[in-house]
Amino acid sequence: MQDVSSLVAQAREGRPRAVARLISLVEGASPQLREVMATLAPLTGNAYVVGLTGSPGVGKSTSTSALVTAYRKQGKRVGVLAVDPSSPFSGGALLGDRVRMSDHASDPGVYIRSMATRGHLGGLAWAAPQAIRVLDAAGCEVILVETVGVGQSEVEIASQADTSVVLLAPGMGDGIQAAKAGILEIGDVYVVNKADRDGADATARELNHMLGLGESRGPGDWRPSIVKTVAARSEGIDELVEALEKHRAWMEERGVLTERRVARAAREVETIAVTALRARIGDLHGDRHIDALADRIVAGELDPYRAADELVAGLTEG
């Protein structure tokens, strides 16, 4: 058993091994997870969480690395959660982002963690909310969450980040993707990366046009920024940081930041509760009560909804 209080104290001192152990407890759904979260709770709520999403190949890892450099120049501690796709067979992940961000490996002010999705849909690892909390409590002022890169299923990032960044690139069919619902609904800041390629200006214009269609924003509402970058050469990154800070300031001024964080916490509570209920229902498989309900459904004496109501009532009473 780990000494959680000691681990948290070491993480607060910036010791990467302690941060790694805490996140491992989270990923492994350790029996100590509740103790970890209870210890971390008073220490969180200070980090600015930025989510980066987009189709594979648009340069998410390169952009994330460039943002790390920019924030480190400001003297800020930065945490990175790079979520990689995991094998449906072994559950293992590619975990290549940490390799691509090796320039920051020796910087004590940067903590980079690759996480496997483990089959979780939506572009994020199931443990990401708790891992974000660990990095927050460990003193990271900015947390960058880079998602898998699987297209429109990545809308989940909007529920985990304070600011969501959607990356596109010219010549990758993103103009067509931009016309689809979902990816246009989650972005607070849009980045046309690889802007030195032909078609970058056209992609930015099309994106601006699509964002304007059906727009129902009132005075003072946030209109998503569009920034052109060449992340491999760090071009446009200062403008991207400026756009992020403008969005953060807008949210703080109007109370939107607090609203988003409250909604995020509510979803996390719901997820934990649903997971607990599923575990209890799973324990009932083969139980005489659930088998009896199934027999009554097959016999036409009971419909599945009433059976589910009876099952839920039994679980809540128990």
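The values are calculated or read from the model by the stated rules, or taken from the named source; none is laboratory data. Everything numeric in this text was worked out from a predicted model, so none of it was measured. Ideal geometry is used to build each Cβ from the backbone, glycine not excepted, and the neighbour counts take in all protein chains shown. For accessibility, only protein heavy atoms count, side chains too; no ligands or nucleic acids. Shrake-Rupley method; radii C 1.70, N 1.55, O 1.52, S 1.80 Å.
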What pairs can you find where one residue is in segment 43-67 and assigned to a helix (DSSP H, G or I), the other is open to solvent by 10 Å² or more (accessible area, probe 1.4 Å) and of a type in the set (Ser, Thr, Tyr), and their Cβ atoms are less than 6 Å apart, with a gap of 6+ or different chains?
66/234
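Mind counting the residues in segment 103-123 that are polar (S, T, N, Q) and modelled with pLDDT of 65 or more? It would help to see each step written out before you state the result.
Kept after step one, since they are polar (S, T, N, Q), are these residues of segment 103-123: 106, 114, 117.
Checking which are modelled with pLDDT of 65 or more leaves us with 106, 114.
The number of residues fulfilling the criteria is 2.
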Restrict the check to segment 42-62 and report whether at least one residue is aliphatic (A, V, I, L, M) and open to solvent by 20 Å² or more (accessible area, probe 1.4 Å).
yes
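I need the helices (runs of 4 or more DSSP H) fully contained in segment 234-313, keeping only those with at least 3 residues that are touching a helix residue (DSSP H, G or I) at 6+ places or on another chain (Cβ under 8 Å) and closer than 29 Å to residue 66 by Cα.
Values: elements: 237-254, 256-283, 288-298.
Answer list for segment 234-313: 237-254, 256-283.
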For segment 244-272, pairs from a residue that is open to solvent by 50 Å² or more (accessible area, probe 1.4 Å) to a residue that is part of a helix (DSSP H, G or I), with Cβ under 8 Å and 6 or more apart or across chains, are 260/251; 267/159; 271/129
Filtering segment 202-232 down to residues that are part of a helix (DSSP H, G or I) and free of Cβ contacts under 8 Å to residues at least 12 places away in the same chain, which residue is least open to solvent (accessible area, probe 1.4 Å)?
212
Might you let me know whether segment 179-195 holds any residue that is touching a strand residue (DSSP E or B) at 6+ places or on another chain (Cβ under 9 Å), open to solvent by 20 Å² or more (accessible area, probe 1.4 Å), at pLDDT 80 or above and part of a loop (DSSP other than H, G, I, E, B)?
yes
Would you point out the residue of segment 208-227, among those that are under 26 Å from the mean Cα position of the chain (by Cα), over 11 Å from residue 184 (Cβ atoms) and not acidic (Asp, Glu), that is modelled with the lowest pLDDT?
217
